[in-house]
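To start, the structure itself, in structure tokens.
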Amino acid sequence: MPLSRIVVAIDGTRAGFEAARQAGRLVSPGGTVRLLAVADPYFAAMNTWAGRRLVSAEDVVRSGGEHLAKDRLLQQAAQSVEDARAQIAEGGLPPRVTVEGDVVEGATHDVLTAASADASVLALGSHGGGRFLGFVFTSIATDMLRHAGCSVLVARPPFDEDAFPRRIAVALDGSDPSLAALEMGRQIVAQRGGQPELVAVTAGRVPADAVAPGPLGDIPIEALRGRAADAIVQVGEGVDLIVMGARGARGAKALGSVSERVAHRAASSVLVVRPTR
């Protein structure tokens with residue numbers, strides 16, 4: 001099933017915990033949520049985790065150990081996983097969902113790419129790009145949007161945490177990737193008992209017969225004006241989640257894609273759906 005195994009990148013920040021909460025509400029009944037904290041040597045070298053110092057100069061002097069930052073990094077990462085586990089439980093889980101949690105040492109790109117290989121969705125928090133921490137984690141989100149082996153959720157705070165996802169918009173253009181996104185949207189609605197409202201939006205030069213009547217059924221569809229990325233970004237002001245397809249391009253070929261631009265700029269969470277392998 002497309003939402004049967006969700007891996008969440010946990011980084012000790014509110015954004016990462018929000019990604020965990022949303023994963024818990026999107027995972028399929030009987031599925032698995034894996035809370036994964038990456039103990040990247042980069043963070044030990046920079047003496048930081050979640051924007052906070054790992055050790056002070058006094059700590060190093062007292063301990064006499066140059067490996068103190070790494071030890072603290074592992075401790076903080078493990079605690080962040082447990083904090084995320086507690087928050088995901090508070091948010092409510094579908095029946096029979098398994099929550100796993102672990103800390104893996106290694107380069108963030110390598111660890112998350114490997115984890116995505118057997119996942120349905122990789123979920124990350126959105127940190128914005130204004131400060132150093134935001135720049136670092138926004139770069140990670142960009143990296144995963146281009147290189148992950150599965151669909152990617154970029155999570156942002158919803159209108160109401162308890163009601164997420166209250167309203168879902170699927171970006172549709174008649175292509176196979178967008179139809180996969182529509183199917184993902186339908187699955188989310190079905191497994192939540194039909195509670196979320198599902199709408200379809202089109203933007204750009206889409207042939208009139210590309211999306212209707214086709215697979216839409218009774219789902220309302222709205223034609224947007226303007227460039228596709230800009231128009232879909234605006235939709236995020238009124239929904240909790242945008243679901244859109246990825247064209248299959250990875251690496252440098254994905255640079256500047258519509259889905260990547262929407263994922264970074266939308267006010268809502270964005271789920272970029274990759275075709276199942």
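The values are calculated or read from the model by the stated rules, or taken from the named source; none is laboratory data. Just so it is clear, the structure is predicted and the values come from calculations on it, not from any experiment. A quick note on method: Cβ atoms are made from the backbone with ideal geometry, for glycine too, and the neighbour counts reach across all protein chains shown.
Summary table
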item: Matching option when the condition is assigned to a helix (DSSP H, G or I), of a type outside the set (Ser, Thr, Tyr) and farther than 28 Å from residue 14 by Cα, among 190, 200, 181; result: 190
item: Any chance residue 175 is of a type in the set (Ser, Thr, Tyr) and at pLDDT below 90; result: yes
item: Only one of 272, 262 that is part of a helix (DSSP H, G or I) and either modelled with pLDDT under 80 or aliphatic (A, V, I, L, M) (or both); result: 262
item: So residue 103, is it modelled with pLDDT under 90 and either over 17 Å from the mean Cα position of the chain (by Cα) or of a type in the set (Ser, Thr, Tyr) (or both); result: no
item: Among (1) out of contact with any Ser or Thr (no Cβ under 9 Å at 6 or more places or on another chain); (2) at pLDDT 90 or above; (3) surrounded by 18 or more Cβ atoms within 10 Å (Cβ to Cβ) - the single one residue 166 does not satisfy; result: (3)
item: Qualifying positions in the range 88-104 - exposed (fewer than 15 other Cβ atoms within 10 Å of the Cβ) and of a type outside the set (Ser, Thr, Tyr); result: 89, 90, 92, 95, 96, 100, 102
